[in-house]
Amino acid sequence: MSRSHASRFFALADRLEIAYTVDIDEARAAAAAEILTGAKPATDYRAVLDDVEAALLVLPHHLHHPVTLDCLAAGKHVLVEKPMANTEAECLEMIEAAKQADRTLMVAYCMRFHPLVAKMKELLDQKYLGEVFQVSIWTEQHTQFPADHWASSAKTLGGGQLFSHGCHYIDILLWYLGAPLRGFHLGTNYGTPWMEREGTSNVTMEFESGVLGYHFGTWGAKGSRLRYSFHAHCTDGMIEADITGSKLRSIVGGEEKVLLECEPGKHTEGEMAHFLDCLETGQQPLTSPEDSLQGLRVIWRMYEAEEQNRLADLRGLGLVSSPAPA
């Protein structure tokens, strides 16, 4: 992932310096260092912590918790990739460690900083096309790992496609629509047999406002038209964030209007700039660990309900002061 992450460092070269690229495989560490001018390769992150102020952790999910704790204990700020950790207890320990160390812990939900996604949030809040009543998100891709890869294992991945990748879009739905009431998840590894748990995922949630949210994600797509696309249906029309095509549109009747265009890509530079702002000002990250934990709680509760063949009660997860489930 170092190549997809490198653009943020080039864009913010006047605000940060990359001191080290670390990987237990020396050749991979060296290859990442070659991408980033001035970076030195290393194979043990603990050996370089004295020389840095902050760390970006792009690791297998089951390593997020122990490495984050080591970095915080050494007095370093941490931007950790999503999902934050594989259990609620690990997440809570990370949150407490950041408080004790008085350091910033931010979770890398980069989609909140994508220009099209952020603008759609702004338009929904402004009621640009009236009241929103349905937000649908599609993410269709082909992602296949070897059978012995950490991402194929439910234990090291933390779940399946929903937990690993869909957590981005559960986070977006909560950010857009507020506190959820109930929902359900249906997943399957049919079509993605390399996955121990689901490789294809469907989520529907009802929110306190009465709005519905939907996410469809698959790692088995051998073809797609929607690819990455957000649709917000409102009382006066629809807003479409075509992430793949890098355009935000309004659609009213048969008339389409381009509201915003941006360069293609993940736009992780916005996420990194926000992280640096938090370090410089002490402000709370938009994608705080507390906020991020709530999205994972939604996923865990839907996983549990799916196993029990029932709807998930999504109240009382810490998002707002909703009553706890009876």
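Every number in this text was worked out from the coordinates using simple rules, so none of it is lab data. Note that the coordinates shown come from a computational prediction; the quantities given were computed from them, not determined experimentally. Cβ atoms come from the backbone with ideal geometry, glycine included; neighbour counts cover every protein chain shown.
On a 0 to 90° scale, report how tilted helix 64-73 is relative to the longest principal axis of the chain, with both axes built from alpha carbons and the result rounded to the nearest 10.
Long axis of 64-73 versus the principal axis of the chain: about 50 degrees.
What is the angle, in °, between the Cα long axis of helix 167-177 and the longest principal axis of the Cα atoms in the chain? Nearest 10 is fine, range 0 to 90.
In the chain, helix 167-177 runs at an angle near 50 degrees to the longest axis.
Compute the acute angle (0 to 90°) between the alpha-carbon long axis of helix 268-281 and the principal axis of greatest extent of the alpha-carbon atoms of the chain; round to the nearest 10°.
Approximately 70 degrees, to the nearest 10.
List the relative contact order of the chain as a percent without decimals, with contacts defined as Cα pairs under 8 Å and 6+ residues apart.
18
Would you kindly calculate the mean projected area, averaged across all directions, of the convex hull enclosing the Cα atoms of the chain, in square nanometres?
Directional mean of the projected Cα hull area for the chain stands at 17.4 nm².
Only four residue types carry charge here, +1 at the Cβ of Lys and Arg and -1 at the Cβ of Asp and Glu. Report the dipole size of region 2-108 about the Cα centre in Debye, rounded to the nearest 20.
Roughly 300 debye, rounded to the nearest 20.
Suppose R0 equals 45 Å; then what is the FRET efficiency for Gln283 and Ala147 from their Cβ-Cβ distance, rounded to the nearest 0.05?
It comes to 0.55.
Points 7 angstrom from Cα along the Cβ direction at Val252 and Ala30: gap in nanometres?
Those two pseudo-labels are separated by 6.0 nm.
Using only DSSP helix segments of four residues or longer, with each worth -39500 (n - 2.57), what per-residue ellipticity at 222 nm results for the chain after dividing by its residue count and rounding to 500?
About -9500 deg cm²/dmol.
Only Cα pairs under 8 Å and at least 6 apart count here; give the relative contact order of region 1-114 as a rounded whole percent.
18
Could you list Cys278, Cys110 so that the one with the fewest beta carbons within 10 Å of its beta carbon is first and the one with the most is last?
Cys278, Cys110
Which FRET efficiency value, to the nearest 0.05, is calculated for Leu63 and Ser7 with the Förster distance at 25 angstrom and r the Cβ-Cβ distance?
Result of the calculation: an efficiency of 0.55.
Mind jotting down the distance between the C-alpha centroids of region 268-293 and region 1-36, whole Å?
Value for the Cα centre distance between the two parts: 20 Å.
Using the reciprocal of the averaged 1/r over all distinct C-alpha pairs, how large is the Kirkwood radius of region 171-326 in Å?
Its Kirkwood hydrodynamic radius stands at 18.1 Å.
Thr87 to Phe133: extension gain in nm, 0.36 nm per residue of separation minus the Cα-Cα distance?
13.3 nm
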